[in-house]
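The structure appears below as structure tokens.
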Amino acid sequence: MVETTKTFKVYKRRWVVLLSFLCVNAVMQYVWCTFSSITTDAWKFYGFKDATSGEAGISALTMIIMIGMITLSVPASALFNKIGWYKSVCFGGIALMCFTLLRGFIGGSSYTSLIICTIGCAACQPFIINSFGMIGALWFPPSERGIANGVGMVSTYVGVVMAQFGVPWLMTNFGMDIPGVLRVLGYLSVPMILFFVFAAKEKPPTPPCDEELIERADFADGFRQLIKNKQFINALIVFWLLQGAYFSFTTLIEPIMQYFNNGSLNSMFIGTLGTIITVTGTVATLVWPVITDHTRSKKRLPLIRICQIGSLIGFAMVIFGHSVGMMIVMASFLGIFLTGVTPVLMVFGYETAYPVSEGITESLMQLGANGFGLVCLLFINGVFRGNHLGTVIFFIVAMAVSIVMTAFSREASLQARKLEKSA
């Protein structure tokens with residue numbers, strides 16, 4: 001235990017709590033993007049007759065996860081306020097473990113069975129993901145909340161790598177079929193989720209900072225405050241645009257890359273590109289919050305603007321970069337700038353929303369991000385129908401709109417954002 005001031009304490013156990021949560025969230029992430037690197041193999045296995053209907057069918061699995069987030073995000077946040085984040089995540093995590101195991105046993109038998117299991121997993125997601133901000137608020141001092149959110153986001157990318165690279169790796173090196181891969185992922189969920197159940201805790205005996213920085217507006221009052229907060233609404237829409245583009249691109253990375261390379265890429269290489277996005281994004285996720293947390297003003301907007309421009313360039317390179325080297329650079333740009341900026345955007349949202357609870361704030365941020373991702377996938381599958389030039393242009397336009405919106409954003413002073421007791 002380390003004393004930071006005479007009035008509050010920071011516990012080393014905060015890192016164990018955070019690590020255990022990472023395990024639960026990683027399971028949730030590999031569930032939603034299991035087929036991202038093997039989309040073509042998957043739609044053929046489940047009996048779709050052509051690429052258009054097949055891509056739509058596999059994308060529907062991601063859409064179901066997003067719909068679960070959209071419909072249950074606000075009720076999940078209300079539950080956080082009622083019974084606490086730990087019990088909520090335990091509920092969601094244990095249910096997720098059961099549905100992931102079930103997916104391993106029946107999800108490979110038919111597309112209908114897979115849909116049923118995916119619906120069950122989707123209902124669990126809001127009870128897990130929306131707790132990011134609560135962990136940071138209850139266990140970490142203000143000066144560490146950026147890095148805490150960054151470390152928390154790493155679990156998202158770990159889960160994505162487990163799907164993007166791990167799934168084709170299991171199929172290539174061990175000769176597994178899709179049902180076999182689903183069983184392995186189901187078994188893996190058991191120790192990861194039980195670790196959280198036994199290692200995590202709602203809050204430490206002593207708060208990590210002054211109580212005034214933890215106690216926030218209740219759910220109903222907080223929601224009313226947020227819908228009147230113009231700066232939060234602006235930050236919210238920017239977060240939706242970037243995260244929605246990330247969700248959609250990750251879901252469709254295999255058909256998009258095949259489209260621009262005339263079907264010449266194999267699933268392992270596409271999985272490697274996805275892994276590059278995730279690994280570079282993981283590094284940036286850890287580095288960017290440290291940079292913003294340790295600058296004198298702790299301002300987020302300058303870095304956010306740089307990352308938006310980098311994301312736009314990355315999507316442009318999808319269209320124009322066809323060599324192996326250019327594709328690697330493209331993946332690195334999307335990892336560093338599109339993926340890596342996420343925790344900084346989240347903290348920016350929390351700060352513009354103060355004194356509303358991080359749980360309420362995050363529920364709206366994640367809800368909208370999933371909503372925009374769902375709109376993207378519906379639009380892509382319904383309008384472009386396999387013409388992925390239009391898909392990527394759509395992402396570029398979204399980045400451009402986010403840049404314009406950020407130009408109108410303003411960041412409050414250090415004292416107004418309550419990052420320290422006094423500025």
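The values are calculated or read from the model by the stated rules, or taken from the named source; none is laboratory data. Keep in mind it's a predicted model, so treat the numbers as computed, not measured. So basically every Cβ, Gly included, is an ideal-geometry build from the backbone, and we count neighbours across all protein chains shown.
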- [ ] All but one of (1) modelled with pLDDT under 90; (2) buried (at least 23 other Cβ atoms within 10 Å of the Cβ) hold for Thr71, so report the exception by its number.
- [x] (2)
Open item on the list: Out of everything in region 265-299 that is at pLDDT below 85 and part of a loop (DSSP other than H, G, I, E, B), what residue ends up being nearest to Ala316 (Cα to Cα)?
Closed with: Lys299
Task: Leading residue by the ranking (surrounded by the most Cβ atoms within 10 Å (Cβ to Cβ)) among those in region 36-68 that are hydroxyl-bearing (Ser, Thr, Tyr) and touching a Phe, Trp or Tyr at 6+ places or on another chain (Cβ under 8 Å) - done: Ser37
Open item on the list: Checking the structure you have, find out if any residue of region 49-57 is touching a helix residue (DSSP H, G or I) at 6+ places or on another chain (Cβ under 6 Å) and either β-branched (Val, Ile, Thr) or closer than 12 Å to Met192 by Cβ (or both).
Closed with: no
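Condition check ((1) under 19 Å from Val190 (Cβ atoms); (2) modelled with pLDDT of 90 or more) across all residues:
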{"site": "Val31", "(1), (2)": "yes, yes"}
{"site": "Ser36", "(1), (2)": "no, no"}
{"site": "Gly84", "(1), (2)": "no, no"}
{"site": "Thr100", "(1), (2)": "yes, yes"}
{"site": "Ser113", "(1), (2)": "no, yes"}
Task: Condition broken by Ile135, with the remaining ones in (1) among the hydrophobic types (A, V, I, L, M, F, W, C); (2) buried (at least 23 other Cβ atoms within 10 Å of the Cβ); (3) modelled with pLDDT of 75 or more; (4) within 15 Å of the chain's Cα centre (by Cα) satisfied - done: (4)
TODO: Would you mention how many residues in region 89-112 are within 19 Å of Ala60 (Cα to Cα), touching a Leu at 6+ places or on another chain (Cβ under 9 Å) and surrounded by fewer than 24 Cβ atoms within 10 Å (Cβ to Cβ)?
DONE: 3
TODO: Would you list the helices (runs of 4 or more DSSP H) that sit entirely within region 324-390 and hold 1 or more residues that are more than 17 Å from the chain's Cα centre (by Cα) and within 18 Å of Met66 (Cβ to Cβ)?
DONE: 358-379
Task: Of all residues making up region 59-96, the number that are polar (S, T, N, Q), farther than 21 Å from Leu22 by Cα and touching a residue at least 40 places away in the same chain (Cβ under 8 Å) - done: 2
Open item on the list: Tell me whether region 309-316 contains one or more residues that are surrounded by fewer than 22 Cβ atoms within 10 Å (Cβ to Cβ) and more than 22 Å from Tyr157 (Cβ to Cβ).
Closed with: yes
TODO: Considering (1) over 17 Å from Ile237 (Cα atoms); (2) touching a Lys or Arg at 6+ places or on another chain (Cβ under 6 Å), say which one Glu351 fails and leave the rest.
DONE: (1)
Open item on the list: With the requirement that a residue be surrounded by fewer than 16 Cβ atoms within 10 Å (Cβ to Cβ) and of a type in the set (S, T, N, Q), what does region 322-346 give you?
Closed with: Ser323
Task: Filter result for Cys117 (farther than 15 Å from Val16 by Cα and free of Cβ contacts under 8 Å to residues at least 24 places away in the same chain) - done: yes
TODO: Filter region 114-129 down to residues that are touching a Gly at 6+ places or on another chain (Cβ under 6 Å) and closer than 25 Å to Lys201 by Cα, then give me how many there are.
DONE: 6
Task: Breaking point among (1) buried (at least 24 other Cβ atoms within 10 Å of the Cβ); (2) outside any helix (DSSP H, G or I), for Phe127 - done: (2)
Task: Residue identified as modelled with pLDDT of 90 or more and either in contact with a Phe, Trp or Tyr (Cβ under 6 Å, 6 or more places away or on another chain) or β-branched (Val, Ile, Thr) (or both) among Ile393, Ile380 - done: Ile393
TODO: Restricting attention to helices (runs of 4 or more DSSP H) lying wholly within region 1-95, give those where 3 or more residues are aromatic (Phe, Trp, Tyr).
DONE: 13-32
